[in-house]
1. Show me 307-314, 44-51, 143-150 ranked by packing, highest mean number of other Cβ atoms within 10 Å first.
2. First check a/c for the range 305-381, with a ≥ b ≥ c the square roots of the eigenvalues of its C-alpha gyration tensor; if it is under 1.5, answer rounded, and if not, answer prolate when a/b is larger than b/c or oblate otherwise.
3. Are there GluC sites (Glu not before Pro) in the range 21-76 that DSSP marks as loop and that have at most 16 other Cβ atoms within 10 Å, and which are they?
4. Give a residue-ordered list of calculated ³J(HN,Hα) values for the range 103-112 (Karplus: 6.51 cos²θ - 1.76 cosθ + 1.60, θ = phi - 60°; whole Hz; x for Gly, Pro).
5. Who wins for biggest fluctuation among ALA357, ALA278, ALA234 in a Gaussian network model of the chain, springs between alpha carbons below 10 Å?
6. Expected output is a single nm value to one decimal: the length gained when fully extending between SER93 and GLU173, i.e. 0.36 nm times separation in residues minus the C-alpha distance. What is it?
7. Describe numerically, in nm with one decimal, the distance between label points set 7 Å from Cα along Cα→Cβ at GLU201 and at SER16.
8. Calculate how steeply helix 181-194 sits against the longest principal axis of the alpha-carbon atoms of the chain, using the helix alpha-carbon long axis, and give the answer as 0 to 90 degrees to the nearest 10.
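Values in this text are rule-based calculations from the coordinates and carry no lab data. This is a predicted model, so every value here is computed, not measured. Every residue, glycine as well, gets a Cβ built from its backbone with ideal geometry; the counts of neighbours run over all protein chains shown.
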Amino acid sequence: MSLKKKSANYISAKESREISKKNRKITKELEKKRNRKHIPEEEYITKMKNPENCVEFDNVHTYFFTDIGTVKSVDGVSFDVPQGKTVGIVGESGCGKSVTSLSLMQLVQRPAGQTVEGEIRFNSGDKVVNVVNAPASVMQKLRGNYMSMIFQEPMTSLNPVFRIGEQIDEVIELHNPEKSKEEVKARTIELLEMVGIANKEGVYQMYPHELSGGMRQRICIAMALACDPKLIIADEPTTALDVTIQAQILDLLRNLKDKINSSIMLITHDLGVVAEMADYVVVMYAGRVIEKGTAREIFKDPRHPYTIGLMNSKPVVGKKVDKLYSIPGSVPNPVNMPDYCYFKDRCNMCVDACDGAYPCEYHVSPTHVVSCYRCAEGGTANEQ
Ligand SMILES: Nc1ncnc2c1ncn2[C@@H]1O[C@H](COP(=O)(O)OP(=O)(O)OP(=O)(O)O)[C@@H](O)[C@H]1O
Ligand SMILES: [Mg+2]
């Protein structure tokens, strides 16, 4: 019977037990190392490759050790976020965008999720911290004070049983224990004004359900800005909002960025948003960066077939088409990744070299890097 047919991804109970036993051993060891009482500073204080950068992702690997096998959600990701610039991260659902940003905040669901290799260097001004090895106490100081995150769905980020004012006050109090009650409230009101809320005294007393989606997202942005962070990570900040509110929120983010001179890591699958906001673009596919460069390079001269496909799949004003292009096939199974280019099975521009190992990074220009054999001739390879 068809129901009994063994699929390629089928795992027996015995195999699953063996995998979880192995996983427990690996994660126990990693957790033991992480939970040591005194972690010496040399293990996590480091130096930036380029002091102009705010964050440097260097060959980061974040895996989830699940009962059906190891999910390599982020598998060797490297890119920089320069100070005061916006970096857009794009790619289809499940390609590892959120896990990349969670790795930077050290918020990956442990013990199953672990950053097993690589460095994430964060420039906090006086010190450079390698987030991968940093102990929880150091991370607690970094989160909120130096880096903060705006999530996709504002309602789930706010606590429904507390007033807006109390929730923002709490963030400020936690990070600035020396401030008096009046000072904290004054700062909250100032933040509400900064994110464009007219009735600030009224909203201070309201509960989240009394606000519209756009206003709730403004509150989340106010919270994220409470301590003037150096880096704002916005994970699909406008996906849950309608188009006009989207434009307002993006305008707000752009203006605020100039005001407090912080960097933004903007995660989205909306290429329109990236084109409008980003200085640099990183394109991810199946846990790896397949192309990165300045926004101009990526939009005017996309080189990787996947990026070209993404560009063709978005509607263009004034260009009439019967049907929008969609990239055929789907992302390979994250547990069993092939050893050749991950995009090969969906690619319609393959060359002979594509039968070989996963392509290394080729430089098309000093800032434009592509992982595709089609760029091997024109570009220079990046030794890894
Ligand atoms: N807690 C978890 N346990 C196991 N696998 C996970 C976990 N969290 C994420 N993953 C896997 O990691 C991969 C990357 O997920 P991620 O959330 O980063 O995708 P994404 O690019 O942010 O997608 P989206 O655009 O839908 O938000 C996916 O294959 C997902 O199934
Ligand atoms: Mg995501």
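1. 143-150, 307-314, 44-51
2. Oblate, since a/c reaches 1.5 and b/c is not below a/b.
3. In loop regions of the range 21-76 (DSSP not H, G, I, E or B), the sparsely surrounded GluC sites (Glu not before Pro) are GLU52.
4. 5, 5, 8, 6, 10, 5, 5, 8, x, 5
5. Greatest mean-square fluctuation among the candidates belongs to ALA357.
6. Taking SER93 through GLU173 to full extension adds about 25.1 nm, to one decimal.
7. So the label points at GLU201 and SER16 sit 6.0 nm apart.
8. For helix 181-194, the angle is close to 60 degrees.
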